[in-house]
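**Student:** First the structure, which I've put down as structure tokens, then a few questions once you've had a look.
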């Protein structure tokens, strides 16, 4: 007896140890899951947060250059080692921006200089957009000298250190072999000058006599016999009713804009150099103030107008009933009247210098006021940005300062991602996702609304297909089906969940989508006829004599519907070509598009709904079936014993008791649908549009990440916004799961007393 008691005590101790180990193990596992979720959450935030960081300016160098009052333009090469300035005397100077011991020079040292134009002849000055980096001096004889700074880069090993040293050698390249280009064939002085080039041709616009506009286009012509290239000018004159204050030439050489006070004349220039006035922009001075300056933004689509009220207004062409016209889009407040604007090479960011010496940094599309302040102790007079937008040169008198600029993501703001944005060339504000293009002038569009909408749309259509089938199958299998049939049906449906979604997406995109397009009337007939036929078959079965009906038990009666459903499906698809020919003139897709105005894409939401619904059904079925089957038998037996029918027992007792599990099944299926990637990637056109049309596709958050993450530059705005999309997807699933758990607990508390 004592030995037996000792054995029982040892067994109890072993069981107690195992129970505690299991409890601690499960607790530790739960804690680790929570820790993993928190780590994912904070890592996504860590990658995303830099896109919302404000602009930071850090002074790197400061030096003095004499005679800076007569500076027409300042610039620098992309490494920010060498700067240059063009003087109103016609002198072109290169100077050091950084100390360089190997070259024995310090910041501010003049490296080289050259007299590119006779100071006595200079009457005007013009510069192209920064991306072209060309400058022109207008002369008193109606000609212009066009020049461009060039920088040669060589790498050589330093004997003392054995390290490879980069050497940048500046030089000046003067177009037309140094010969001035004739802008005015009459030889009159060019009072104001505007210039730009597309690499082959050049376009000049000049003012003479205050109100006379001269437009001269140089086109390159190649001699067919000798191959010699010559520049041939085409001259055109326009007289305006007032003095011209500003001129702009677009780098595509298709437009010239001349401002007279609050009126801007827009002239079209064709390939042959012919000119005609396109439109007249009238600025409402009551709302914005009188115009004081005119500048062209990077990309050459938008015009910036400064006003004496301190506002800067943006204008670009919009399609209207009368054609493309310039319209006012948005404005920015610099605080005081702006004296000068500097634009970046590629992005839609611009820098303002105000009368009070403030520096302002703005981004047009995101409508972001990025920076406003006084970076220098003295009044700021001029600012210039480098090609990579990493450095700024600021001028105050003879003092020049080089600032490091931390402004990596100016185009990203919360409103730009979640509100309608009016992009250049678009007829109206819109939600748009378009991250890349083959053009340097392209402006990335990062609205998360279309892809978030696509995620909800794909999940909604998938659930519309999966929930009725999955729940109905689960209820019938758990409550009505005989055990001998259930033991085959349940594992068969559950094993469907093991099918790789890439296979389902492959079949949906390459097989199902063409079938639906070809047999669309048949598919619609299946959706209508199958439920009606099942109800009709059940009604006819109930009218049969009892001795016939009793030959098949209730648990096996549904098997009789399998041939009926197959027959209706075969009949519907076989009848599809005849229906299409009779009712839709043989082209149901054309009927939808032309008659009903419904766009039809082969890979559309209907395909996604069926394919993704097929993937979600096993999840919903398995959880819901277990919930219904787990309802205690004494509840159903008691209901039946009190005289309730099986259907009343199901609806009043079984479903209510199992409702927490059924709701969990639906929410688990929804979470699966929201996060699905491969099916929506392969079965849709991946077009980020916002339309509930079931015959159009969509782009979801998960598919967008899968498609674009491999091609995004690490650390770029595109890269970080894709992580933000992952964060939004994480929040979606977290929200749905939280709501599901909350509702499930409420349902369980409500019906647990049954």
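**Student:** Is it true that some residue in the range 575-592 is touching a residue at least 60 places away in the same chain (Cβ under 8 Å) and more than 47 Å from the chain's Cα centre (by Cα)?
**Tutor:** no
**Student:** If you scan the range 558-574, which residues turn out to be at pLDDT below 85 and surrounded by 14 or more Cβ atoms within 10 Å (Cβ to Cβ)?
**Tutor:** Scanning the range 558-574 gives 558, 561.
**Student:** Which one of 227, 187, 138 is at pLDDT below 85 and either assigned to a strand (DSSP E or B) or surrounded by fewer than 17 Cβ atoms within 10 Å (Cβ to Cβ) (or both)?
**Tutor:** 227
**Student:** With modelled with pLDDT under 85 and either farther than 18 Å from residue 686 by Cα or surrounded by fewer than 15 Cβ atoms within 10 Å (Cβ to Cβ) (or both) as the only criterion, which of 424, 494, 443, 420 stands out?
**Tutor:** None of the other options fit; the residue is 443.
**Student:** Looking at (1) free of Cβ contacts under 8 Å to residues at least 60 places away in the same chain; (2) surrounded by 14 or more Cβ atoms within 10 Å (Cβ to Cβ); (3) outside any strand (DSSP E or B), which is the only condition residue 272 fails?
**Tutor:** With respect to (1) free of Cβ contacts under 8 Å to residues at least 60 places away in the same chain; (2) surrounded by 14 or more Cβ atoms within 10 Å (Cβ to Cβ); (3) outside any strand (DSSP E or B), residue 272 is out only on (2).
**Student:** Has the range 734-744 got at least one residue that is surrounded by fewer than 19 Cβ atoms within 10 Å (Cβ to Cβ), in contact with a helix residue (DSSP H, G or I) (Cβ under 6 Å, 6 or more places away or on another chain) and farther than 24 Å from residue 42 by Cα?
**Tutor:** Checking the range 734-744: at least one residue is surrounded by fewer than 19 Cβ atoms within 10 Å (Cβ to Cβ), in contact with a helix residue (DSSP H, G or I) (Cβ under 6 Å, 6 or more places away or on another chain) and farther than 24 Å from residue 42 by Cα.
**Student:** Could you please give the count of residues in the range 88-105 that are assigned to a strand (DSSP E or B) and either at pLDDT below 90 or under 17 Å from residue 402 (Cβ atoms) (or both)?
**Tutor:** 6
**Student:** In addition: Out of the range 200-216, which residues are under 38 Å from the mean Cα position of the chain (by Cα) and free of Cβ contacts under 8 Å to residues at least 60 places away in the same chain?
**Tutor:** 200, 201, 202, 205
**Student:** Do you know which of the residues in the range 190-224 that are surrounded by fewer than 11 Cβ atoms within 10 Å (Cβ to Cβ) and in a loop (DSSP other than H, G, I, E, B) is modelled with the highest pLDDT?
**Tutor:** Per the criteria, the residue is 199.
**Student:** Is it fair to say residue 407 is assigned by TED's automatic domain parsing to the domain that holds residue 359, out of contact with any strand residue (DSSP E or B) (no Cβ under 6 Å at 6 or more places or on another chain), crowded, with 16+ Cβ neighbours inside 10 Å and in contact (Cβ under 8 Å) with a residue 24 or more places away in the chain?
**Tutor:** So residue 407 fits the description; yes.
**Student:** Now, a different point. Can you work out which of the residues in the range 153-184 that are assigned to a loop (DSSP other than H, G, I, E, B) and surrounded by fewer than 17 Cβ atoms within 10 Å (Cβ to Cβ) is modelled with the highest pLDDT?
**Tutor:** 179
**Student:** Can I ask one more? For the range 36-80, enumerate the residues that are part of a strand (DSSP E or B) and surrounded by 12 or more Cβ atoms within 10 Å (Cβ to Cβ).
**Tutor:** 57, 59, 60, 61, 62, 63, 71, 72, 73, 74, 75, 76
**Student:** Please state which one of 703, 658 is assigned to a helix (DSSP H, G or I) and closer than 22 Å to residue 615 by Cβ.
**Tutor:** 703
**Student:** If you don't mind, there's one more thing I want to ask. For the range 488-510, which positions are assigned to a helix (DSSP H, G or I) and more than 31 Å from the chain's Cα centre (by Cα)?
**Tutor:** Those that are assigned to a helix (DSSP H, G or I) and more than 31 Å from the chain's Cα centre (by Cα): 488, 489, 490, 491, 492, 493, 494, 495, 496, 497, 498.
**Student:** If you don't mind, there's one more thing I want to ask. Which one of these is surrounded by fewer than 18 Cβ atoms within 10 Å (Cβ to Cβ), closer than 30 Å to residue 722 by Cβ and in contact (Cβ under 8 Å) with a residue 60 or more places away in the chain: 687, 619?
**Tutor:** 687
**Student:** Could you tell me whether the range 649-656 includes any residue that is crowded, with 21+ Cβ neighbours inside 10 Å, within 47 Å of the chain's Cα centre (by Cα) and touching a residue at least 60 places away in the same chain (Cβ under 8 Å)?
**Tutor:** No, the range 649-656 has no match at all.
**Student:** Can you name the strands (runs of 3 or more DSSP E) wholly within the range 308-413 that have at least 3 residues being on the phi > 0 side of the Ramachandran plot?
**Tutor:** Fully inside the range 308-413 and qualifying: nothing.
The values are calculated or read from the model by the stated rules, or taken from the named source; none is laboratory data. The structure displayed is predicted, hence computed values, not measured ones. Positions of Cβ are backbone-derived with ideal geometry, glycine not excepted, and every protein chain shown enters the neighbour counts.
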